[in-house]
1. Across region 100-118, which residue is surrounded by the fewest Cβ atoms within 10 Å (Cβ to Cβ) among those that are touching a Lys or Arg at 6+ places or on another chain (Cβ under 8 Å) and hydrophobic (A, V, I, L, M, F, W, C)?
2. Could we say that Val121 is without any contact (Cβ under 8 Å) to a residue 40 or more places away in the chain, within 14 Å of the chain's Cα centre (by Cα) and open to solvent by less than 50 Å² (accessible area, probe 1.4 Å) here?
3. Is it true that Arg26 is part of a loop (DSSP other than H, G, I, E, B), open to solvent by 60 Å² or more (accessible area, probe 1.4 Å) and without any contact (Cβ under 8 Å) to a residue 24 or more places away in the chain?
4. For region 40-55: of the residues being touching a residue at least 24 places away in the same chain (Cβ under 8 Å) and open to solvent by 40 Å² or more (accessible area, probe 1.4 Å), which is nearest to Leu108 (Cα to Cα)?
5. Could you check region 144-162 and list, in sequence order, the residues that are touching a residue at least 12 places away in the same chain (Cβ under 8 Å) and either in contact with a His (Cβ under 6 Å, 6 or more places away or on another chain) or of a type in the set (Gly, Ala, Ser) (or both)?
6. For region 76-95, enumerate the residues that are without any contact (Cβ under 8 Å) to a residue 60 or more places away in the chain and either outside any helix (DSSP H, G or I) or of a type outside the set (Asp, Glu) (or both).
7. For region 1-58, enumerate the residues that are touching a Leu at 6+ places or on another chain (Cβ under 8 Å) and modelled with pLDDT under 85.
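The values are calculated or read from the model by the stated rules, or taken from the named source; none is laboratory data. Not measured: the values here are computed from a predicted model. Heads up, the Cβs are rebuilt from the backbone with ideal geometry, glycines too, and the neighbour counts pull from every protein chain shown. Surface accessibility is based on the protein's heavy atoms, side chains included, excluding ligands, DNA and RNA. Shrake-Rupley method; radii C 1.70, N 1.55, O 1.52, S 1.80 Å.
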Amino acid sequence: AKHRPTDIPVALRPSRADVLPYLGFRHITGVKQWEPLAKARYIEQLFSLTKKSETPRERYGEVARAIGSRRDHIKRNLDALAVYKQIKEDDFYEIDGLNDESIKFSVLSTALADEKIGKFVGISRQDDDGDYLPQDPIINPNRLDPSSIQELSRWLFEKDDKGKTRVGESRNLKYLSAVVDSPKAIAAFRSNAPLKIAYHLTSAVTKDFLELLYLAEGYLTEAASMVA
């Protein structure tokens, strides 16, 4: 370097809480993007600074406003982090190669964003009308179902001899969602049936079948118009 400074400018803050907004600006919306797990941990720090007397929804909203995000996005990150903590506490279930560095937190977060998978591990519950109600595990982690979290972790991250997981690609999460919501299908999946086979035991396959019929009808209509 042609010039070596003897003084450099710094900004002093009395505590970490005072510098958190800057960290969020730099690492979430700024130039140095955090990995998903680091981002979730940061969101948890902001969440811990909100008033415990407020409702969870209000606290999620306060964090969302602080970093320019949405309330549901904040809850999704904190839900996934609560489940991740359970996985880490159980030493990643001794899944070969799974640890702090290798776990795909974004895959876990995407899976848990599904209402049925979230209900399966205890992130939410269903009332008598079938509506999904939040459990807020970041506040009450004892509402999570450890055994279901272990199953989900193995399905998502444990690899076979060919290097494949039970779920496979993230687009297959829609099949897993239907499977965990069907006693018959999940029993088959737990007995090592392939995910697609277990999915065929759910009511969701009827919807897929109808969609294919409508698609076929559309093609036939288009073909008929060409003949005319």
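1. This residue is Ala113.
2. Working: without any contact (Cβ under 8 Å) to a residue 40 or more places away in the chain: yes; within 14 Å of the chain's Cα centre (by Cα): yes; open to solvent by less than 50 Å² (accessible area, probe 1.4 Å): yes.
The answer is yes for Val121.
3. Values: part of a loop (DSSP other than H, G, I, E, B): no; open to solvent by 60 Å² or more (accessible area, probe 1.4 Å): yes; without any contact (Cβ under 8 Å) to a residue 24 or more places away in the chain: yes.
No.
4. The first filter runs over region 40-55 and keeps only residues touching a residue at least 24 places away in the same chain (Cβ under 8 Å), leaving 40-41, 43-47, 49.
Next, only the ones that are open to solvent by 40 Å² or more (accessible area, probe 1.4 Å) stay: 41, 44-45, 49.
Values: Arg41: 15, Glu44: 17, Gln45: 20, Leu49: 25 Å.
Among residues in region 40-55 that are touching a residue at least 24 places away in the same chain (Cβ under 8 Å) and open to solvent by 40 Å² or more (accessible area, probe 1.4 Å), the one nearest to Leu108 (Cα to Cα) is Arg41.
5. To start, the set of residues in region 144-162 that are touching a residue at least 12 places away in the same chain (Cβ under 8 Å) comprises 144-146, 148-159.
Within region 144-162, Ser148, Ser153 meet the criteria.
6. Narrowing region 76-95 to residues without any contact (Cβ under 8 Å) to a residue 60 or more places away in the chain: 76-77, 79-81, 84-85, 88-89, 91, 94.
Result: Arg76, Asn77, Ala80, Leu81, Tyr84, Lys85, Lys88.
7. Ala17, Leu20, Gly24, listed by residue number.
Rundown of residues vs (1) open to solvent by 90 Å² or more (accessible area, probe 1.4 Å); (2) under 22 Å from the mean Cα position of the chain (by Cα), yes/no style:
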site	(1), (2)
Tyr175	no, yes
Pro194	no, no
Thr202	no, no
Phe209	yes, no
Ala216	no, no
Ala223	no, no
